Each structure stands twice: as C-alpha cells, then as structure tokens.
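A quick write-up on the structure given underneath.
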There are 2 protein chains.
Amino acid sequence: MPYSRSIEKLIKAFSKLPTVGPRTAERFVFHLLRSGKKDVGELTMALKNLIDNIKSCELCWDFSDQSPCEICSDTRRDQTKICVVTHPQDMQVFEKTGEYKGLYHILRGVIKPGDEQNVKFLKIKELLERVKMPTVEEAILALNPDLPGETTMMFLEKKIKEQNPQTKITRLARGLPMGSDVRYADEITLGSALKNRM
Amino acid sequence: MPYSRSIEKLIKAFSKLPTVGPRTAERFVFHLLRSGKKDVGELTMALKNLIDNIKSCELCWDFSDQSPCEICSDTRRDQTKICVVTHPQDMQVFEKTGEYKGLYHILRGVIKPGDEQNVKFLKIKELLERVKMPTVEEAILALNPDLPGETTMMFLEKKIKEQNPQTKITRLARGLPMGSDVRYADEITLGSALKNRM
C-alpha cells in the first residue's frame, strides 16, 4: 500500500527536480507535513508568484519580474558592452565580482555537438539583433572554456562579425585560478597563462 | 544585485527543505524556469492539494486523505495488534514486508533525553486511550533500537502496563541483519542474536 494520493502526488512532483530522487522527495513531503501549513503555504505562494510574475527580459533574456529587466533598464550601466553568458546564474557570478558595469545577454544554453535541434532554442538571433545597434561596441563571450562552450563561441564570433564587423569581440582570460598549484595545471591553461603573463 | 524578488522568494522557500542549501534551491528554481509553467503548475497543485486534503488520522495519527485512514478503517486487518512506530515513513517499511496485518500507531517522534518539552507533542495519551479498548491484545513497540528509542519504549511499557495490565507488550527481535558479518557485529546485537537463536 503506497502513501495517500496527495502525498504520492507531491513526492512525484518533487522527484522531477534535479538531484532529487524518490527518497529525498519523501523527506521533503514529510518535512512539510511536520512543519505545518505555514511552510507549505509559503512554498505554494512563492511558486504561484513565480508563474504569475516572472518574464523573460525582451533584451537580455534573463528571467525577471520586469521587462526590460533591472539591469537592461539601468541607464547608468555601460551600454557599449554586452557580456554573453550561458545561464542566468552565470550573470550573478559576474555581478558579484563588481568588476563589470556593462549589459548582459543570456544565451540560454550552448550548441551541443551532435544535437543541432538545440540551437533554435538559443537566443543567438536576438544577440545578433543587439550587436547591430550603434551603441554596442564590444561583445564579451563569457561561455565556459569547454568543448561545447568553445564551439559556441567560435560560431558566435563568426556570426557577430558577419552582422557587424565593427564589433570588438573578446573572451575571458585563461590562466591559473587563485589558490591553484602550477604542478597540477593542464598544459593549455599553463600555456595561456604564460603567453598572457602580466 | 540579487535575483528578482519572485526568484529570491522561491529560493528562500526551497532552502527550508532538509538537505537543501541556497545553491541547490537556486538549481531547483532555474530548473523550474527552464522546464516551463507545466512543471511549476504541477508542483503548485500538488502542494495546494496537500494543504487542502491531508489530515491526521484520528486513530493512528498517520497523515492521510481520510480519517480514519485506509488502514484503520480496513476491517480485514487484525484489530488485536497495534504496532507503535516513530514516523509515518516507518509504517511504510513494515507494510512493504507484507508480514504484518495489524494496526499502527504513529508516535510522531521519540522522547529525547534533555528535551522534555518534546514529550507533549508525542501521541502517547492517544496510544494509551487505544490500548484501553477491549479489542487490543498486543502492543508491538517498534521504535529504533537506539538511546532515545529505548528510553521511549521503556516509558511506554510502564504507561501501557498501568493503563491496561492485560496488554501483551513486545519489541522487535534484535539479531544479525541479512548480509552482515559476525566479525563486525557489536556485542549487544550478537548477544541478543545468540540468546534468541532459532
């Protein structure tokens, strides 16, 4: 005999979240049952809120409560630079550095070799529209330095050049991360770090 | 700059779940944003359903869509036995064995030495009411064989005897688990297994 219908349904819904198996989902449900209606209510309201309020920013494709989003509508930001990132979470990491005051473009994924279907969900066309604007001078391609990331950056570079040859295209520097050990650095990273020594 | 309000709120709500930190909560939210309104809607509905439908069974204190719950209202079950367990999840484990056809009582926790406040939330009074009933012959104390569990079982044994001296009080056998190794068994377990050899 399984649990009651309401419990089983919620276990199933929680199990769809990443890293959550049926056992963890079960723990979530019984935690909520123990903690009472306030916590369940809070979670329900927050989810409802998400459905009702979250939109995609029409410019950068970040998820936001407003469109254009806060960053895109902030005129104090440097309108000449667009930093292209894979996910909305990546943008947060750049914001936390405090080093960047330009705009962003969320690609919503990368081109996966062997999965060309995926390309049409990426916000590439939208990026090319933005680099056409005369205010934009530089596109910083900040995707991950791995195979899909590099492939996508090469593709974007070609497309941006076709669209607007005046655009300066840059990438993140490759070098040794803080606290790392030269002995364990791979050759490509170490080679780049040597070439771009400061 | 943090995420939008709707996103931050949901991250906070998810972070209250056990084993979920802010990073995991963030992953949940962006997974839901990517997977679209259907998944968010399903989770919201399941949570709402839980608030609206789940009750505590007035007899065994399991969480259920109905009260008395399915097991308590099933007249084919052996009404002479009550198996006392700590959590609703424990009941499921006994059900899966297929070895037990009696009733249950969910204590909703154990007596924690040094935390006497906790005792008043346990369904002890309700258990004692049930063992007064003439149909009940045996109480199986199936709490965990650890310090809080043993303390609670000793306390329950005393109370049940006071309430109804006719009640047979049993505990789960202690012995070697399947697939275990005699060399690594602790003395108490091995001593019990020897004493209760079959």
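Derivation of every value follows stated rules applied to the coordinates shown; laboratory data play no part. Small disclaimer: the values here were computed from a predicted structure and weren't measured. Here the Cβ is made from the backbone with ideal geometry for all residues, glycine too, and neighbour counts use every protein chain on show.
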Give the separation of the Cα centroids, region B:58-114 to region A:114-189, in Å. 58 Å
Once amide hydrogens are built 1.01 Å from N within the peptide plane, the residues lying 5 or more places from A:VAL84 or on another chain with amide H under 5 Å from its amide H are A:HIS105, A:ILE140, A:LEU141, A:ALA142
Do me a favour and compute the ellipsoid semi-axes for region A:122-198 from its Cα gyration tensor, root of five times each eigenvalue, largest one first, whole Å. 30, 13, 10
Reachable aspartates and glutamates from A:LYS112, Cα under 15 Å, same-chain residues fewer than 8 places away excluded? A:ASP146, A:GLU150
For region A:5-53, what is the charge dipole size about the Cα centre, in debye to the nearest 20, if Lys and Arg each add +1 at the Cβ and Asp and Glu each add -1 at the Cβ? 180 debye
So what's the back-of-envelope 222 nm ellipticity for chain A, counting only DSSP H runs of four-plus at -39500 (n - 2.57) apiece and dividing by all residues, rounded to 500? -13500 deg cm²/dmol
I need the peptides B:115-126, A:29-40 ranked by packing, meaning the mean over residues of other C-beta atoms within 10 angstrom, with the highest value on top. A:29-40, B:115-126
Partner chain Cβ atoms within 10 Å, averaged over the residues of A:19-31 - can you pull that number for me? 4
A 26 angstrom limit on the alpha carbon distance is what I want to check against. Which of B:LYS55/B:LYS123; A:LYS12/A:LYS125; B:LYS123/B:LYS168; B:LYS125/B:LYS168; A:LYS38/B:LYS37 exceed it? A:LYS12/A:LYS125
Ranked highest first by the average count of other Cβ atoms within 10 Å around their residues, in what order do B:79-92, B:164-177, A:15-28 fall? B:79-92, A:15-28, B:164-177
Peptide A:10-18, shielding by other chains (average Cβ, 10 Å cutoff): 6
Taking N as the residue count of region B:5-53, its alpha carbon Rg divided by 2.2 N^0.38 Å gives 1.16
When Cβ neighbours within 10 Å are restricted to other protein chains, what is their mean count per residue of peptide A:126-135? 0
